[in-house]
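Each value in this text was obtained by applying a stated rule to the coordinates, not by laboratory testing. Just so you know, these numbers come straight off a predicted model, no measurement behind them. Don't worry about glycine lacking a Cβ; one is built from the backbone with ideal geometry, like all the others, and counts go over all protein chains shown.
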Amino acid sequence: MTERVDLTDKKMKGMAAAASGTRYEVADLRVPGLRLRVSDQVNLDGKARSVSFVLYARFPPSQKPTRRTLGTYPAMSLADAREAARGWKTEIERGTDPKAKEKAERDARQAADAEAKVKTFDAAADAFLKRYVEGEKKLRSAPLIRRSLALHVRPTLGQRAIASIRRSDVAALLDKVQDNAGPVAADKVLAHLSKLFNWWATREDGYSSPIVKGMGRSNPTDRARTRKLSDAEIKAVWNAAGKAKAFGAFIRVSLLTGQRRAKVAGMRWADVAADATWTIPSEAREKGSAGELVLSGAAKEIITNQPQRKGNPYVFAGRGDAAIAGFSKAKLLLDKEVSNELGHDPEPWTLHDLRRTAKSLMARAGVRPHVSERVLGHVIAGVEGIYDRHEYRDEKADALVRLAGLMRNILADPVDNVVRLEARA
């Protein structure tokens, strides 16, 4: 018969080890069925005995009493063992197997954890990019959206359950972006988040976006940039670009063509014909493109002078088989050279400002607005855009020649004298 003892920590610590190859049990006087099993094994405290708590009971659906281990002493305290035993006995009285219940609860927790992991912001963002941005819509801005989320949002909200993100969280995030990158950058992040949250609401029951009207950080009118480079800045940028290899050549061609950054950077050797015709590929869902441009001699010479790398199809080659990238870093280095050329730091400018500068220069050179708009690849609005289907090939070619001629006058005598700009037509 098993000895019944009013167990205490002192009594348990003083219990002798069982004889070699055997074990014995002591029943707790306070909780019927709770027993202390002592063996000859080494315990967690290094003593030559192993003590564990077991519950001796009829576990449903069996009617035969059996023993089940609750825990090992001292990892499980006597108080915890008694509480666990009472809980198990309650479940047994209800006709429930406590082990089965614990397993069901554990499985439910794991399932909930897995579901929560699937529904983190990162998971939602991955699905949004894959299925909506790059899938259903095939947005041209996909790389920008992906980069914006990675830079500004994922580090803060990535591991949060998307359903737990509140309006205050978004506001705090936008405050951070505004402080670090300005109100316009914050509004771009807001626009990306708004699309993401609204898309997620179409897929998740009971979900609503935390974004509401009035969370923007800038006025649309204020966001419209008017920056163009002065003649002195044009000359400084041109000369500084002569020291910047592929990026510098990219800058010069941007000035001489007025094309978007992605178009110039993505120029392939196969796109430029022997007669200097540059065929600019149009992407899906693109609003406007210059189509074909007959390049000026100045632009053609810059392109011809670029080294052709084996396996790389791009005129302005980057690493491996890719086009140039890392514009932010390259622009910072260029600005240092521009400062040296000017003798002071220039007013802040962006690569897109080169496009505005080219448009303004074409106007100075006598190019009609409807022609320069087509050079830039803008969508022509209204009746003219609908009915005027003329290609404007010669007119656009003349506009680029005029632009190059005015650039020659501005530069006067370029420092490197490598590029010979044609005279204004």
Estimated translational D of the stretch 121-223 in µm²/s (Stokes, Kirkwood radius over Cα pairs; 37 °C; 0.692 mPa s) | 236
Could you size up the charge dipole of the stretch 3-98 around its Cα centre, putting +1 on the beta carbon of Lys and Arg and -1 on that of Asp and Glu, and report it in debye to the nearest 20?
-> 180
Under Stokes-Einstein, with the Kirkwood radius over Cα pairs standing in for Rh, what whole-number D in µm²/s applies to the stretch 3-98 at 37 °C and 0.692 mPa s?
-> 240
Please give every one of the lysines within straight-line cross-link reach of residue 331, meaning a C-alpha to C-alpha distance under 22 Å, and leave out same-chain neighbours fewer than 8 residues apart.
-> 188, 228, 235, 243, 245, 263, 359
Checked the stretch 231-411 with the C-alpha gyration tensor, a ≥ b ≥ c its square-rooted eigenvalues, rounded below a/c of 1.5, otherwise prolate if a/b is larger than b/c and oblate if not; verdict oblate
Rg over Rh, two decimals, the stretch 224-274 (C-alpha only, Kirkwood Rh) | 1.02
Specify the residue with the greatest mean-square fluctuation among 121, 53, 250, computed from a Gaussian network of the chain linking alpha-carbon atoms under 10 Å apart.
-> 53
With -39,500 (n - 2.57) per DSSP H segment of 4 or more residues and division by the full residue count of the chain, the 222 nm estimate, nearest 500 deg cm²/dmol, is -14000 deg cm²/dmol
What residues qualify as long-range amide H neighbours of residue 27, i.e. H under 5 Å apart, gap of 5 or more or another chain, H built at 1.01 Å from N?
-> 3, 4, 5, 36
Along the stretch 199-208, Karplus-curve 3J(HN,Hα) (6.51, -1.76, 1.60; θ = phi - 60°) to the nearest Hz, with x for Gly and Pro, reads 5, 5, 5, 6, 10, 10, 4, x, 8, 9
Given 0.36 nm per residue, what is the gain on full extension from residue 109 to residue 166 after removing their alpha carbon distance, in nm?
-> 18.1 nm
Simple spin-label estimate for residue 387/residue 319, 7 Å along Cα→Cβ, in nm, reads 5.4
Cα gyration tensor shape for the stretch 132-190, rounded if a/c is under 1.5, else prolate or oblate = oblate
Put +1 on the Cβ of every Lys and Arg and -1 on every Asp and Glu Cβ in the stretch 1-153; which of 127, 8, 39 then has its Cα farthest towards the positive end of the dipole?
-> 127
Between residue 212 and residue 138, the two model label points (7 Å from Cα along the beta-carbon direction) sit apart by a distance in nm of 3.9
Here the FRET efficiency for residue 30 versus residue 66, based on Cβ atoms and R0 = 22 Å and rounded to 0.05, is 0.55
Pairs 176/213; 99/119; 137/213: which exceed 22 Å Cα-Cα?
-> 99/119; 137/213
Most mobile of 97, 321, 179 per a Gaussian network model of the chain (Cα springs, under 10 Å)?
-> 97
Over the chain, what is the percentage of antiparallel beta bridges among all DSSP beta bridges, to the nearest 5?
-> 90
Test item: Cα-centred dipole of the chain, Lys/Arg +1 and Asp/Glu -1 on Cβ, debye = 1120
Hey, which lysines would be in cross-link range of residue 13, C-alpha to C-alpha under 22 Å, not counting anything within fewer than 8 residues on its own chain?
-> 47
Distance in nm between residue 204 and residue 335 label points, each 7 Å along Cα→Cβ, equals 3.7
Inverting the mean 1/r over all pairs of different Cα atoms, compute the Kirkwood radius of the chain and quote it in Å.
-> 28.3
With springs only between Cα atoms under 10 Å apart, run a GNM on the chain and tell me which of 104, 84, 363 wobbles the most.
-> 84
What aspartates and glutamates could a cross-link reach from residue 89, if we take a straight Cα to Cα line under 17 Å and drop same-chain neighbours fewer than 8 places away?
-> 28, 80, 97, 102
Charge sum, other residues only, whose C-beta stays under 9 Å from residue 361's C-beta, Lys/Arg counted +1 and Asp/Glu -1 | +4
